[in-house]
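Structure first, commentary second.
The values are calculated or read from the model by the stated rules, or taken from the named source; none is laboratory data. Because the structure is predicted, anything quoted here is derived from the model rather than measured. Positions of Cβ are generated from backbone atoms using ideal geometry, with glycine treated the same way; all protein chains shown enter the neighbour counts.
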Amino acid sequence: MVGPRQRGRVVTLVAATALVVSACANGSVDPAAAEPSQEPETYLKAVAEISSDFDAVVASIDERMQQVYATREALLTAVADAGISGASQSALAKAEALTPTDEFETDHQAWIGHRVTIVDLAAELDVALENRDLQEALAVNGAMLRSRSSLLLTTTREFCLAFAESDSGDLCVAGDGLPGGQYGLDAYEALRRYTLDTLGLFSFPLDLSPEERAVRLNTVQPGIERALKDTGEKMAELDPPSEFADDHAAFVRFFDEQHQTAVAITAANAERDNTEVLRLFDESGVVGDRLTDSLSQEYEPIAAPFFYPPD
């Protein structure tokens, strides 16, 4: 089964991914320099910098997860040594030291709630790593990603762009200038919600054995099937303008075919038919490639959330 088709490649279930959610931006901020904000630009810059500090730790974990280790012990130790708990506590303290301007008060409170959740989940991740429980660590990762998704779904575009700066806005509510009128806005939102609903469901570290992968599939497949089915139905209800009729039909076909593949993966996994599961993974990749080859360049701004993260 595959997740959102990235430009030039498909994210397969056997691809390695980071264990923790990425809060993206560039730059850093000194904890002592965090002061109440007087201007929106000052506040949003601080949000971006705080997110960047946390992202530096996330990036180091991702880098460690991409490496090959001699033992499972070495992998989990490397992840634990990245210091996610300390980073999450520091990010929360910096966020709490800010005073938002009035227009970002609601966003700020949602962000603080997210940061509190990440602190709690980071502590749970530490316990999972101490217990050498990779399945539980992946479950905690999923909870972190759901918290991130909830924040990105509810905050304003301006705040979202600061919080997720390096995502180029692809996971934020659409801005002005999308092609396709109301259709473009509706399709963009359906694809954005699909990506946010499935963040983390395709996280399968290379270190998983076939049986461990089967256990992981039991956990994630219901969410994958539901997201594919729901998004396919939402897309099918939309009425595209003539210039995007072919692009739209390609997406409707993609979600229908991938949902069928996901159902087949669930059945094969229940039988512990590893050969069939791997064949279906490959099949889903072919479906993803066919979608990408079918889309026009003009449709790219509408499809941008589906291709998160961009190359």
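Only one residue in Thr101, Thr106, Thr117, Thr77 is surrounded by fewer than 20 Cβ atoms within 10 Å (Cβ to Cβ), under 22 Å from Leu208 (Cα atoms) and of a type in the set (S, T, N, Q), so which one is that?
On the way: Thr101 fails: under 22 Å from Leu208 (Cα atoms); Thr106 fails: under 22 Å from Leu208 (Cα atoms); Thr117 fails: under 22 Å from Leu208 (Cα atoms).
Every option except Thr77 fails the conditions.
So Arg216 clears everything in (1) buried (at least 19 other Cβ atoms within 10 Å of the Cβ); (2) in contact with a helix residue (DSSP H, G or I) (Cβ under 6 Å, 6 or more places away or on another chain); (3) of a type outside the set (Ser, Thr, Tyr) except one condition, right? Which one?
Every condition holds for Arg216 apart from (2).
Within the stretch 36-74, how many residues turn out to be under 23 Å from Asp207 (Cα atoms) and either of a type in the set (D, E, K, R) or in contact with a Pro (Cβ under 8 Å, 6 or more places away or on another chain) (or both)?
6
State all residues of the stretch 36-69 that are farther than 18 Å from Leu125 by Cα and either among the acidic types (Asp, Glu) or at pLDDT below 75 (or both); if no residue qualifies, say none.
So the first thing to find is which residues in the stretch 36-69 are farther than 18 Å from Leu125 by Cα, and the list is 36-53, 66-69.
Residues satisfying the conditions are Pro36, Ser37, Gln38, Glu39, Glu41, Glu49, Asp53, Gln66, Gln67, Val68.
Search the stretch 57-74 for residues being small (Gly, Ala, Ser) and over 18 Å from Gln135 (Cα atoms), and hand back the single one that is surrounded by the most Cβ atoms within 10 Å (Cβ to Cβ).
Out of the qualifying residues, it is Ser60.
Scan (1) buried (at least 20 other Cβ atoms within 10 Å of the Cβ); (2) free of Cβ contacts under 8 Å to residues at least 40 places away in the same chain; (3) aliphatic (A, V, I, L, M) for the single condition Leu201 breaks and write down its number.
The one condition Leu201 does not meet is (2).
Being surrounded by fewer than 16 Cβ atoms within 10 Å (Cβ to Cβ), within 23 Å of Pro179 (Cα to Cα), among the charged types (D, E, K, R) and free of Cβ contacts under 8 Å to residues at least 40 places away in the same chain: is that true of Glu243 here?
Here the answer is no, as Glu243 does not meet what is asked.
If you check Asp239 against the conditions, is it assigned to a helix (DSSP H, G or I), more than 23 Å from Phe281 (Cα to Cα), of a type in the set (Asp, Glu) and modelled with pLDDT of 95 or more?
No.
Residues that are in contact with a helix residue (DSSP H, G or I) (Cβ under 9 Å, 6 or more places away or on another chain), among the acidic types (Asp, Glu), within 30 Å of Ala249 (Cβ to Cβ) and assigned to a helix (DSSP H, G or I): does the stretch 194-212 have at least one?
Looking through the stretch 194-212, at least one residue is in contact with a helix residue (DSSP H, G or I) (Cβ under 9 Å, 6 or more places away or on another chain), among the acidic types (Asp, Glu), within 30 Å of Ala249 (Cβ to Cβ) and assigned to a helix (DSSP H, G or I).
Are there any pairs, at least 6 apart or on different chains, whose C-beta atoms fall under 8 Å, with the first in the stretch 84-96 and in a helix (DSSP H, G or I) and the second hydroxyl-bearing (Ser, Thr, Tyr) and buried (at least 18 other Cβ atoms within 10 Å of the Cβ), and if so, which?
Ala91/Ser51
Conditions: (1) crowded, with 18+ Cβ neighbours inside 10 Å; (2) modelled with pLDDT of 85 or more; (3) within 14 Å of Leu125 (Cβ to Cβ); (4) not β-branched (Val, Ile, Thr). Ala18 meets all but one. Number of the miss?
Single failed check for Ala18: (2).
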